[in-house]
């Protein structure tokens, strides 16, 4: 595999993302000096643009021993602790072998692939290990979800990596072509560079395929592992029902987000109310089928989802086009009631305990009667909300 | 914080000793025996309907054991608030760490309320926690339904069953509160409050205090009736009106305003909608089936936004099919 053969060995060899790399090194310097606020670094960006390569090259150039896990490893709380818990600043064997001290660097690739069920507590374990070991910790993810990865975002310094430019990929391909003594016209290289859409790994794979005589036209950039926004755009531009279906089958990881976005799109489509009611029922059936498949691990049922979802999309497309907007409705209420929620959370921390009831009972049985008496002025917005809701 | 616990009558009139506790003679008698030899106290399990004095009794025991410093030695947890068994494990662990039993204080106390809200897996884990910590910690578990507590836990506890408080006792208690607060009342209106609260003293006292507030020092039947309507929040009653009128967008808006503000989960909200439908005499078998179906879906961890809006859609369709808006 050329992608492995030409993986950069030193930081100088890593292409692109100059700013991100500079920030990375600065942060590590701060961290060494004890000036960093965060526990470690979280690299975020689409696949194939050099996140993993960068960390490998960095470790190599700056003399760290890399201790790595990725999504193929089992990463529950206990598994992570077992694997990484013993790593401390002085524990590496390299001290013996090389005589000089090599600090360890913990690298957890694809943290967004932590399975909330199977890798339960994994995120918490990552944070604990970074905290207690005092070892430089770097995480990488393709997409981060503000809700699901809240703890990571709060504890790690987020650095974004961006797709490479066609020009950068061209240079990379030319270098490889010359080392491999390939005779490939510049026009062909430019074509690959533009089709790879910023993904170096895809580009190198295409180059290798061409080298063995494959035609570039049959190697459309892969439709697997598309970034979510590209995936959505492609779904809404797709010419046929079959194309929609293929896209979904190749990007199963996006199905949860897809269902949410479809809900939002449906809600703001402005379609006739009778249609809307039917569409919502249909979508909720899709949602529950998806849950069943996951919960009961009945993957065989996916084949029906691959019919129902494309079918839904194909029809709902008539009412609305996809724009990259924040899911409007959820967000609107989230922001609108922000103060209420903050004050509610404060009140709920304090009051139910004081009155020896659960938070749930407090909301349903105590508050409706007594919000005027027990919510003081610091919780004004919450009190107003109560009077609006409880009357 | 200007707020004092005494602002709420349920706190102000919460009994502080076993003698003050009303009506649970069997429980009280049993507890007296246990508490006469404190060091031998087993884990306790209190079962019974809401508002019958289970939490109160647990707090009385804490006071009996530790006097005014009871808060230092007591950890109150609520199984329906603490999200996982791990949270409980961590908190119990931290709580019982650094504690050396003494002659006077042989153990610390953990009060775990609403223990029957835990899944059986969580209860199995709880059983381990109880065993591991039993050297320095005693548990009082509180539940509504004894059958929902797994038998290994039951067998490790002394079980006390609390029964619903009889009419006369509730009314006597309410009258005493009214006298002390200088609130005017009639026997009839207290009877009314009892009818609405059915032996749940917490609910009865809450109702009494609100009615006294509205009536300006006098409890009136009309106010009680009005307040009982509030068991279903106004927003739910409005929501049901919109469902009846087929106004999906307004219904949806209210629903999410309520959900985001209250932080209640979808299941809880579906139950409130059920109450609202009952109250407006709209609930029929088809709707009950719809509600059951959607609550079941939420239990399986589906998306709440999607399922709740779909629920509204289904309810509205059902109303329309039945002949629209009548």
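Any read-out appearing in this document is the output of simple, stated calculations on the displayed coordinates, not a laboratory observation. None of these values were measured; they are calculated from a predicted model. We place every Cβ from the backbone using ideal geometry, glycine too, and count neighbours over all the protein chains shown.
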Mean residue ellipticity (222 nm) of the protein assembly as shown, computed from DSSP H runs ≥ 4 via -39,500 (n - 2.57), nearest 500: -17000 deg cm²/dmol
Inside 10 Å of the C-beta atoms of A:349-356, what's the mean count of C-beta atoms belonging to other chains? 5
Taking Cα atoms only, Rg over Rh for region B:168-228 with Rh from the Kirkwood formula is 0.90
Projected label distance in nm at residue B:293 and residue A:160, using a 7 Å step from Cα toward the beta-carbon: 4.3 nm
For a quick protection proxy, order the peptides A:357-365, B:179-187 by their average other-Cβ count within 10 Å, most packed first. A:357-365, B:179-187
Working from Cα positions, state the angle (0 to 90°, nearest 10) between the long axis of helix B:120-133 and the longest principal axis of chain B. 20 degrees
Classify region B:227-267 as rounded, prolate or oblate from the Cα gyration tensor: take a ≥ b ≥ c as the square roots of its eigenvalues, call it rounded if a/c is under 1.5, otherwise prolate when a/b beats b/c and oblate if not. oblate
If only Cα atoms are counted, what is the Rg of region A:117-208, and what is its Dmax, in Å? 19.3, 54
Just the Kirkwood number for chain B, please: inverse of mean 1/r across all distinct Cα pairs, in Å, one decimal. 22.5 Å
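Taking N as the number of residues in region B:232-321, what is its alpha-carbon radius of gyration divided by 2.2 N^0.38 Å?
Its radius of gyration relative to the 2.2 N^0.38 Å reference: 0.96.
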Taking chain B as the reference, fit the longest principal axis to its C-alpha atoms, fit the long axis of helix B:304-321 to the helix C-alpha atoms, and give the angle between the two in degrees, 0 to 90, nearest 10. 40 degrees
Pairwise Cα inverse-distance average, inverted: Kirkwood Rh of region A:246-388 (Å): 18.5 Å
For peptide A:368-374, compute the average count of partner chain beta-carbon atoms within 10 Å of each residue's beta-carbon. 6
Return P(r) of region A:173-304 (all Cα-Cα pairs; 10 Å bins starting at 0; whole %; ordered from short to long distances). 10, 30, 26, 17, 12, 4, 0
Taking chain B as a Gaussian network, where each spring joins two C-alpha atoms under 10 Å apart, which residue of B:170, B:240, B:228 fluctuates the most? B:240
In whole angstrom, the spacing between the Cα centers of region B:38-93 and region A:1-67 equals 51 Å
Ignore the peptide's own chain and count Cβ atoms of other chains within 10 Å of each Cβ in B:260-271; give me the average, rounded. 5
Residues residue A:131 and residue B:25, FRET efficiency given R0 of 60 Å [Cβ-Cβ distance, rounded to 0.05]: 0.65
Using r as the Cβ-Cβ distance of residue B:134 and residue A:376, and R0 as 35 Å, what FRET efficiency do you calculate, to the nearest 0.05? 0.25
Tilt of helix B:266-279 relative to the longest C-alpha principal axis of chain B, in degrees (0 to 90, nearest 10)? 60 degrees
Does region B:49-166 come out rounded, prolate or oblate by the C-alpha gyration tensor, with a ≥ b ≥ c the root eigenvalues, rounded set by a/c under 1.5 and, if not, prolate when a/b is larger than b/c and oblate if not? oblate
If each residue of separation counts as 0.36 nm, what is the full-extension length gain between residue B:188 and residue B:275 once their alpha-carbon separation is subtracted? 28.7 nm
Taking the beta-carbon count within 10 Å as an exposure proxy, list A:313, B:129, A:169 from fewest neighbours to most. B:129, A:313, A:169
Could you tell me the calculated FRET efficiency between residue B:286 and residue B:241, based on Cβ-Cβ distance and R0 = 22 angstrom, to the nearest 0.05? 0.70
Shape verdict for the protein assembly as shown, please, from the Cα gyration tensor: rounded (a/c under 1.5), prolate (a/b greater than b/c) or oblate. oblate
